[in-house]
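Inspection log for the structure reproduced underneath, given as structure tokens.
A short reminder: the numbers here are calculations on the coordinates, not readings from a lab. Because the structure is a prediction, the values reported are computed rather than measured. Reconstructed Cβ throughout: ideal geometry from the backbone, glycine too, with neighbour counts over all protein chains shown.
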Amino acid sequence: MAGHSQFKNIMHRKGAQDAKRAKRFTKLLREVTVAAKTAGPDPDTNPRLRNALFQCRSANVPKDTIDRAISKASETAEHYDSLYYEGRGPGNTALIIHVLTDNKNRSACDVRTALSKHGGSLADVGFLFDHYGVIEYADQDPMALMEYALDHGALDIQERDHGQTQIQRIICGRDQFLTLREALEEKFKQPLKASLSWQAKMPHPLDPDQHISIMKLIHALEDLDDVQSVWTNADDDLALMVDQEAEE
């Protein structure tokens, strides 16, 4: 019975991981379709599509699935709006929520409900963030990476420990993001992560219970079909929890 129970637990966990992966693929492919529909199917002349394709490759989305998403752009009459909601969460944390939706009323209701269920509410918090490009590498020569990145338009480089791994985070302006990411990829390798991101001007400290509460809220928001990304000003301990969860 113990072995059977363990097997069931493993299968349940694998099923949950597969469902999460499928949902992630769906959101990435939606961005591909919207990007191609907005500015054409050629990534060489469509920076938004070029970045969407990078995100898909980083997540190991199958190529034929990506190709179908690009083809869908010329076939579908659906229109998606890109929206940002701002809110407060547990511990007075600030959140920015990116939504890609074909129904604004549904999205607003879903986001408001998720916030309310987890002790949050809509609120003006955008002034607590800056909108930057963020590119992350692991265990690179920090001096070589810093010099090359700064020479190609980076604004800042930050370092943090992730277990035994040293993470280098490169910050750049939105207009320099694609050019810098592609230059770094050619010189070094594909980064761990690269995206346009809302970065908190000042980390907001939380106690352990509040970390758990804000993680539950982020999960609830990310589980919504229309939500593409969620950012918070919670301190680096939360970022470490997110990274560890992503590796499981």
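May I ask for the longest run of the chain untouched by trypsin sites (Lys or Arg not before Pro) that are loop-located per DSSP and have at most 14 neighbouring C-beta atoms (other than their own) within 10 Å?
Within the chain, the longest run free of exposed trypsin sites (Lys or Arg not before Pro) spans 1-188.
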The ratio Rg/Rh over the Cα atoms of the chain, Rh being the Kirkwood inverse mean 1/r radius, stands at 0.97
For Lys37, the aspartates and glutamates lying under 17 Å Cα to Cα, once residues fewer than eight places off in the same chain are dropped, come out as Asp67, Glu75, Glu78, Asp81, Asp102
Per DSSP helix of 4 or more residues, -39500 (n - 2.57); summed, then divided by the residues of the chain. What does that give at 222 nm, rounded to the nearest 500? -16000 deg cm²/dmol
Run down the lysines and flag those whose C-alpha is under 25 Å from the C-alpha of Lys201, throwing out any fewer than 8 positions away in its chain. Lys193, Lys216
Among residues other than Asn103 whose Cβ falls under 11 Å from its Cβ, what is the net charge (Lys/Arg +1, Asp/Glu -1)? -4
Treating each Cα of segment 128-200 as an identical point scatterer and ignoring solvent, apply the Debye formula and state log10 I(q)/I(0) at q = 0.16 Å⁻¹. -0.49
